[in-house]
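Before any comments, here is the structure.
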Amino acid sequence: MSGIIQVRDAIRNFLRRFDEVISPIFYFIAAWFMFWSINKLYGYSELFERNIVTFLLSVICALVSAPMAVLIGCVVIIFNCFFVTKEIGIIALLVFIIIYCMYMRMFPDCAWILFFVPIMYIFKMTYAIPLIVAIFAGASGIVPAAIGIFLYKFAIGVSDVNSMLLTAVKKEDVDIYSYLIDNVLKDREMLLTAIVFAIVILLTFFIYKLPFDYSWYVAIGAGGIINVLAFMIVGVMMDMDVPFGSLVFGSFIGILVTVVVQVCKRLVDYSRKEVVQFEDDDYYYYVKAIPKYGVSEKKKTVKKITGQDSDSAENSIQKNVSDNVQAKRNNQANGQRNPQRNNNQRNGSVRNNASGNNMQNQRPGRPVK
């Protein structure tokens with residue numbers, strides 16, 4: 001345990017020391033993944049597929065706040081949708097206006113989930129999403145997780161419409177609005193996935209906040225089990241194709257990531273738990289105090305002396321003692337000499353004063369007329 005804590009504290013201290021450099025690099029990498037996922041799902045414009053454009057946009061997002069970076073990503077999606085058809089561009093514009101007004105302005109700290117969910121879909125790690133969102137964002141992450149699922153399904157719908165337009169003889173024959181409504185808004189799999197995500201996030205966050213020992217780790221384990229059971233039950237009831245291997249693997253990855261995050265956030269020692277009770281004029285207080293794990297200071301090492309080293313050490317000690325004794329004797333001798341010298345000085349000054357007075361008395365005076 002102490003080794004884990006030392007590694008964690010070393011990483012923390014390093015990040016805090018170079019925070020001004022590491023934070024922009026981290027935001028740059030996150031922004032690059034965001035634009036990479038946008039080009040993967042909505043890559044209809046050659047302008048935004050250029051590496052230099054992606055690099056410049058990532059640099060800009062690294063220098064602004066997270067909600068502003070998400071807003072820039074939404075604008076890029078809207079521009080890509082306009083390259084397909086004008087109708088899809090207008091639909092995307094209306095959708096993101098609604099998302100921004102209804103959620104991003106009220107919960108800006110959870111805006112990153114909107115693009116985190118599509119990225120996890122691209123990496124086939126869908127079933128790890130609810131556990132990670134529950135630990136990082138809590139109950140407030142339910143809505144952005146559902147919006148992220150919608151963005152991924154909307155990207156698939158736009159891709160299908162684009163394929164239909166490329167193969168159609170007349171573009172007017174393609175009913176874009178009906179297709180998007182039937183295949184995106186009425187997508188049963190999308191709705192059930194959002195519901196299961198909400199259930200797993202709520203239950204995991206609820207257990208996470210309970211005041212019993214090891215509640216954080218129980219919440220993570222229970223969330224993984226609930227995640228597997230909920231998707232299996234929904235898959236059987238609604239005749240959905242839920243791959244069991246991907247479900248278990250994704251849940252395991254979610255558990256692993258959340259445990260690592262929890263260890264980095266806080267690690268407490270439940271064996272030293274204390275419960276304190278006190279009161280004032282208005283209230284009774286019941287306080288439970290659990291100390292955090294910490295690395296104890298390094299103990300001083302005492303060198304053991306044996307053989308010739310012990311003889312030299314004894315000789316040095318005897319020499320120091322004899323020097324101290326000799327110094328004390330010299331100080332005492334100097335103290336005895338100083339009073340005799342002071343008495344001689346006083347007697348000399350008295351003789352000098354007396355002789356001076358006698359000389360004044362013997363000096364002849366002025367004759368009186």
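The values are calculated or read from the model by the stated rules, or taken from the named source; none is laboratory data. The model shown is predicted, which means the values in this text are computed figures rather than measured ones. In this analysis, Cβ positions are derived from the backbone assuming ideal geometry, glycine residues included, and neighbour counts consider all displayed protein chains.
Structural remarks
- Some residue of region 41-63 being part of a helix (DSSP H, G or I) and of a type in the set (K, R): no
- Which listed residue is under 32 Å from the mean Cα position of the chain (by Cα) and free of Cβ contacts under 8 Å to residues at least 24 places away in the same chain, from I98, I119: I98
- Looking at L203, L192, L185, just one residue is surrounded by fewer than 14 Cβ atoms within 10 Å (Cβ to Cβ) and either in contact with a Phe, Trp or Tyr (Cβ under 9 Å, 6 or more places away or on another chain) or closer than 19 Å to A134 by Cα (or both), and that residue is L185.
- For region 206-217, taking the residues that are in a helix (DSSP H, G or I) and modelled with pLDDT under 90, the one that is farthest from the chain's Cα centre (by Cα) is identified as S215.
The rows are residues; the columns are (1) within 20 Å of E46 (Cα to Cα); (2) touching a residue at least 40 places away in the same chain (Cβ under 8 Å); (3) of a type in the set (D, E).
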{"residue": "A62", "(1), (2), (3)": "no, no, no"}
{"residue": "A66", "(1), (2), (3)": "no, yes, no"}
{"residue": "I72", "(1), (2), (3)": "yes, no, no"}
{"residue": "I91", "(1), (2), (3)": "no, yes, no"}
{"residue": "F107", "(1), (2), (3)": "no, no, no"}
{"residue": "L131", "(1), (2), (3)": "no, yes, no"}
{"residue": "A134", "(1), (2), (3)": "no, yes, no"}
{"residue": "G148", "(1), (2), (3)": "no, no, no"}
{"residue": "N162", "(1), (2), (3)": "yes, yes, no"}
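- Of all residues in region 1-57 being basic (K, R) and surrounded by 12 or more Cβ atoms within 10 Å (Cβ to Cβ), the one that is nearest to the chain's Cα centre (by Cα): R8
- Those residues of region 244-276 which are at pLDDT 85 or above and over 26 Å from the mean Cα position of the chain (by Cα), in sequence order: F244, G245, S246, L247, V248
Okay, residues lined up against (1) small (G, A, S); (2) in contact with a strand residue (DSSP E or B) (Cβ under 8 Å, 6 or more places away or on another chain); (3) over 25 Å from K124 (Cβ atoms):
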{"position": "Q6", "(1), (2), (3)": "no, no, yes"}
{"position": "R12", "(1), (2), (3)": "no, no, yes"}
{"position": "I22", "(1), (2), (3)": "no, no, yes"}
{"position": "N39", "(1), (2), (3)": "no, no, no"}
{"position": "E49", "(1), (2), (3)": "no, no, no"}
{"position": "L56", "(1), (2), (3)": "no, no, yes"}
{"position": "A62", "(1), (2), (3)": "yes, no, yes"}
{"position": "S65", "(1), (2), (3)": "yes, no, yes"}
{"position": "P108", "(1), (2), (3)": "no, no, yes"}
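- Of the criteria (1) within 30 Å of Y208 (Cα to Cα); (2) among the small types (G, A, S); (3) more than 29 Å from the chain's Cα centre (by Cα), which one G138 fails: (3)
- Checking L165 against (1) out of contact with any Lys or Arg (no Cβ under 6 Å at 6 or more places or on another chain); (2) assigned to a helix (DSSP H, G or I), the condition it does not meet: (1)
- Among the candidates V158, V84, residue that is under 21 Å from R188 (Cα atoms) and either crowded, with 20+ Cβ neighbours inside 10 Å or among the hydrophobic types (A, V, I, L, M, F, W, C) (or both): V158
- The set of residues in region 277-306 that are under 17 Å from D213 (Cβ atoms), modelled with pLDDT under 80 and charged (D, E, K, R) contains only K292.
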